[in-house]
2 protein chains.
Amino acid sequence: MSSRLIATYQVCCDAGAIEARARAIAVEQSVEMPVAAIDDEYVRSKIIGRVESLRDLHHGRFEVRISLATESVGCDPGQLINMLFGNSSLHEDITLHDIETPDDLAGVFGGPRHGMDELRRRVGAQRRALTCSALKPQGLPAEKLAELAGIFGQGGIDYIKDDHGLANQAYAPFTARVAAITHALRHSGCGARYVPSLSGDLESMRRQIAVAVDAGIDTVMVAPMIMGLSNFHRLVRDHPAIAFVAHPALGGLRISPVALLGKLFRLLGADAVIFPNHGGRFGYSADTCRRLAQALRENRQSLKPSVPTPAGGMSRERVPEMLDFYGADSMLLIGGALLETRERLVEATSAFVAEVQRHDYG
Amino acid sequence: MSSRLIATYQVCCDAGAIEARARAIAVEQSVEMPVAAIDDEYVRSKIIGRVESLRDLHHGRFEVRISLATESVGCDPGQLINMLFGNSSLHEDITLHDIETPDDLAGVFGGPRHGMDELRRRVGAQRRALTCSALKPQGLPAEKLAELAGIFGQGGIDYIKDDHGLANQAYAPFTARVAAITHALRHSGCGARYVPSLSGDLESMRRQIAVAVDAGIDTVMVAPMIMGLSNFHRLVRDHPAIAFVAHPALGGLRISPVALLGKLFRLLGADAVIFPNHGGRFGYSADTCRRLAQALRENRQSLKPSVPTPAGGMSRERVPEMLDFYGADSMLLIGGALLETRERLVEATSAFVAEVQRHDYG
C-alpha cells in the first residue's frame, strides 16, 4: 500500500496562526515529535502527515485537509481511528469533519456483508422500507420483554431489537432473554427477526452470538464506539452469517456524524446504522441526516449499502414524511411512541407496519 | 446491589426549560421511553433515573445530578459508560461533568492492581517521581527503535514506552519490536522497563501480552477509549502480573478529563494514566490537571492510587516546576524534547533522570 488516507478537520483558530496549527495537527496525528529531529527518509517522505489544503470557512473557522500514510493504519480499525483523531480529539477546538479512505483500505475492511438487500430478503420484504421497534424499558424481566416482542411480531414488525440499555443485567440476562423472546416469536408465528443487543468484552460477545445462533437468530445489535472499532470489525469478519445493526451510543465525539456513523461504521461492516432523525429528541439537522443516509448508501468502492435506520423519538404520524425523506432503502425504527399506546399496542404496531407497506415499490 | 450511581451533567439550556430537560436526561439515560407507559413497580421505583439536584451555574449553564440504579450496569464497564453517557453523548449541549460510583461498583471493578508502589518497586525507585520517555517516530524499523530504547536505558529512564502511534504496522511489527527492544535493553544492562503499546482487538491484545510476557515484560500501554472499556477491564482482570499504563487517545468526548481519565480509568484498573499537562501542546488547564491527579491518587473506596503521568510537549526545563506541582507520586513523561537533542540524547536523558532523582524523598 502506498495510498493516503485523508482526514478533514475543522479548526477554530486565528487566521494568522492557522498555517502553523495545520502543520502541528499533521505532526500530532502522525509522528508526534519535532520534525527537525527526524532523519529517516522513509518517515520524512511518507509517514509525516501532509497538509493538503487549507480553507477559510470564515468566522474564525478553517478547514484543514491532511493526508496520512495508509501503512500507518496497519489494517487495524482501532489504529485507523487513532490515526484520524486519537490525540487531536483532546483538543476542544478541533472537529474531525470528514474522512476519505483509499480503495485499498476499503478492500481491507470490506464494509457490510449483507446490507440492504439481505436485510430485506430475510423478512420477505420487496422494495419497501423496513420496520423496526425496540424492547424496553430495561428493568423488566425476560418474560415481559418477550410478551412485548410477541405483540410487535403480531403487528408485523420486521426487526425487533433490544433497547440499547439491555445488556446482561440480572433482571433479564442475555441467555434467558434470548430464550424467552425467540420462543414468543416462534409461538406468534410471525416472520419478525429478533435483534438482541450484545454487551461486555469481545469474548462475552462471541458467547452471546453463539447463544443467539443456537436460538436461530441471524441479526444482532452492537455499539461500535463502546466495544471499540477493532472488536466490532473482528466480529463482522468472524461471523459471516450474522447481520450487524450498529447503535450510535457514545458516538458524540467531535467527529461529524456523517464521517463516523455514515462512513466509518459502514466501512467496518455495519449492515444497518441507527441514528437520531431530525426533529426528534436529538439535535441532528435534516441536512446532516440526508448526508448521513447518503454516505451509508452511495456507490462507493464496491461496498454494499448499509441500511439507514433513523430513530430517536419517531412516531407513526411521521412515517409518510420519513419515507419521502429517506425512500424505500431504509429501516424505520419506532419504539417509545408505540409502547405508550399500551393496551392498543397491537393496533398501533399494525398501523405503523401497514403505513410502511403501502409504500412498496416492488 | 441497590446503590445508586451518580452522573453530574452540565447542560446549556434556557432557565425555563431546565427542569424538563433534566427529567428528559434522566429518562434518556435509563428507560429511554415515555414514563407514563411504564407500569412495572420495580422499574418505576428503581430503574428510572432520578434528578437528585439542579444548580444554576449562570450564563445559561446548569448542573444536573442524576442517580441511576447500579443494577442497570450489570457489572460491565461498557454498560457503565453506556448508562452514564451513551445516548446523551449525542447531544452537543450536554457534558458529563462528574461521576460518583458507589462502593459496591468499586468492589466489582477493583481499580489498579499495582499502582504507585509497585511501579516504583519494579524500577527500584524510592520516594521520587518516576521517569518515562517514548519511542518514536512511527515508520522507523524495530532496530532503530531499539537503538533509541538502548540510549534511553543508558540515560537511566525508568519506563520506556512505545509512542501510542506504534501499533502492528509492517514497518515495525509488534513481535519484532518487542524482541529488538528487550534485547537492546538487556544488552545495555540498565533496569529500564519497556512498555509496549497493545493494539487490535481483544484477542490480538492477548497474543501481544503473551509475546511480551515471554520477553520478560511486565508493563504494557493501552488506549481504553479505543479498545473499549469492557475489553480494557477484561485484560486487567485476566493478567494480574501486568501493570497497565492508560493512554488518553480518543478521550475527547464531552466528558470531563477528571471524570474519564481520573475516575473511570482508575476504577477500571489503570496503574498509571497519561494525560496532557497544562502549558504543553494541549489545552488542559492547571486546575484540570490538579484535579485529575487528585482523582487518580486520593483515598477512595480502598482503590490503589494510579500514577499521574503528565505529558504532551514537556521538557527538562519544566521538571522542577512539575515536581512542585505533582509531587513525588507521579511519573514524568518527556518524549519529543529528548529526541530533538539528537546526538546528545544520552546526556539529555541522563540530565532529565538526574533532575528527577535529585527530588527523592526516600
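Data for the structure
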item	result
Residue match in the stretch B:217-239 (condition: under 30 Å from B:Ala176 (Cα atoms), more than 10 Å from every other protein chain (Cβ to nearest Cβ) and hydroxyl-bearing (Ser, Thr, Tyr))	yes
Any hit, the stretch B:343-355, residues being touching a helix residue (DSSP H, G or I) at 6+ places or on another chain (Cβ under 8 Å) and over 21 Å from B:Ala192 (Cα atoms)	no
Total residues in the stretch A:138-156, condition assigned to a loop (DSSP other than H, G, I, E, B), at pLDDT 95 or above and either crowded, with 24+ Cβ neighbours inside 10 Å or away from chain B (no Cβ under 12 Å) (or both)	1
Criterion (within 16 Å of A:Ile274 (Cβ to Cβ) and within 14 Å of chain B (Cβ to nearest Cβ)) met by exactly one of A:Leu333, A:Leu345, A:Leu339	A:Leu333
All positions within the stretch B:301-324 that are part of a strand (DSSP E or B), over 14 Å from B:Asp117 (Cα atoms) and in contact with a strand residue (DSSP E or B) (Cβ under 6 Å, 6 or more places away or on another chain)	B:Thr309, B:Ala311
Unique residue being under 17 Å from B:His91 (Cβ atoms), surrounded by fewer than 17 Cβ atoms within 10 Å (Cβ to Cβ) and either facing chain A (nearest Cβ under 9 Å) or among the charged types (D, E, K, R) (or both) when the list is B:Asp39, B:Asp14	B:Asp14
Candidate set from the stretch A:35-64 (those that are of a type outside the set (Val, Ile, Thr) and touching a Phe, Trp or Tyr at 6+ places or on another chain (Cβ under 7 Å)); member that is farthest from B:Gly165 (Cα to Cα)	A:Asp56
Residue match in the stretch A:257-269 (condition: over 23 Å from A:Leu130 (Cβ atoms) and among the basic types (Lys, Arg))	no
Residue check, B:Ala7 free of Cβ contacts under 8 Å to residues at least 12 places away in the same chain and within 14 Å of chain A (Cβ to nearest Cβ)	no
Check on B:Ala212, away from every other protein chain (no Cβ under 12 Å), at pLDDT 95 or above and farther than 30 Å from B:Gln357 by Cα	no
Checking B:Gln79 against (1) within 30 Å of A:Met205 (Cα to Cα); (2) at pLDDT 95 or above; (3) of a type in the set (S, T, N, Q); (4) touching an Asp or Glu at 6+ places or on another chain (Cβ under 7 Å), the condition it does not meet	(4)
Test: residue in the stretch A:283-300 that is surrounded by 21 or more Cβ atoms within 10 Å (Cβ to Cβ), in contact with a Cys (Cβ under 9 Å, 6 or more places away or on another chain) and either more than 8 Å from chain B (Cβ to nearest Cβ) or in a helix (DSSP H, G or I) (or both)	no
Total residues in the stretch A:173-204, condition assigned to a loop (DSSP other than H, G, I, E, B) and either more than 30 Å from B:Arg206 (Cβ to Cβ) or not assigned by TED's automatic domain parsing to the domain that holds A:Val123 (or both)	4
Single condition B:Tyr361 does not satisfy, out of (1) part of a helix (DSSP H, G or I); (2) away from chain A (no Cβ under 14 Å)	(1)
Enumeration of residues in the stretch A:165-192 that are modelled with pLDDT under 95 and out of contact with any helix residue (DSSP H, G or I) (no Cβ under 6 Å at 6 or more places or on another chain)	A:Arg186, A:His187, A:Gly189, A:Gly191
Residue that is nearest to B:Ile255 (Cα to Cα) [pool: residues in the stretch B:99-133 that are under 18 Å from the mean Cα position of the chain (by Cα) and surrounded by fewer than 20 Cβ atoms within 10 Å (Cβ to Cβ)]	B:Glu100
Any hit, the stretch B:246-257, residues being in a helix (DSSP H, G or I), away from every other protein chain (no Cβ under 13 Å), surrounded by 21 or more Cβ atoms within 10 Å (Cβ to Cβ) and of a type outside the set (Gly, Ala, Ser)	no
Residues satisfying the stated conditions in the stretch A:88-98, i.e. surrounded by fewer than 18 Cβ atoms within 10 Å (Cβ to Cβ) and either within 17 Å of A:Leu229 (Cα to Cα) or touching a strand residue (DSSP E or B) at 6+ places or on another chain (Cβ under 6 Å) (or both)	A:Asp93
Some residue of the stretch A:49-68 being surrounded by fewer than 22 Cβ atoms within 10 Å (Cβ to Cβ) and within 13 Å of chain B (Cβ to nearest Cβ)	no
Subset of the stretch B:308-322 (residues that are closer than 19 Å to B:Asp163 by Cβ, hydrophobic (A, V, I, L, M, F, W, C) and in contact with a helix residue (DSSP H, G or I) (Cβ under 7 Å, 6 or more places away or on another chain))	B:Met314
Filter result (more than 14 Å from every other protein chain (Cβ to nearest Cβ), surrounded by 20 or more Cβ atoms within 10 Å (Cβ to Cβ) and not in a helix (DSSP H, G or I)) within the stretch A:258-282	A:Ala270, A:Asp271, A:Ala272
Restricting the stretch A:205-237 to residues that are in a helix (DSSP H, G or I), in contact (Cβ under 8 Å) with a residue 40 or more places away in the chain and among the aliphatic types (A, V, I, L, M), the residue that is nearest to A:Pro112 (Cα to Cα)	A:Val236
Qualifying residue in the stretch B:151-165 (condition: closer than 30 Å to A:Leu166 by Cβ and either touching a Phe, Trp or Tyr at 6+ places or on another chain (Cβ under 8 Å) or among the small types (Gly, Ala, Ser) (or both))	no
Some residue of the stretch A:43-50 being more than 24 Å from the chain's Cα centre (by Cα), without any contact (Cβ under 8 Å) to a residue 12 or more places away in the chain and not assigned by TED's automatic domain parsing to the domain that holds A:Ala259	yes
Test: A:Gly262 is more than 26 Å from A:Arg113 (Cα to Cα) and either modelled with pLDDT of 95 or more or assigned by TED's automatic domain parsing to the domain that holds A:Ile226 (or both)	no
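The values are calculated or read from the model by the stated rules, or taken from the named source; none is laboratory data. None of these values were measured; they are calculated from a predicted model. Every residue, glycine as well, gets a Cβ built from its backbone with ideal geometry; the counts of neighbours run over all protein chains shown.
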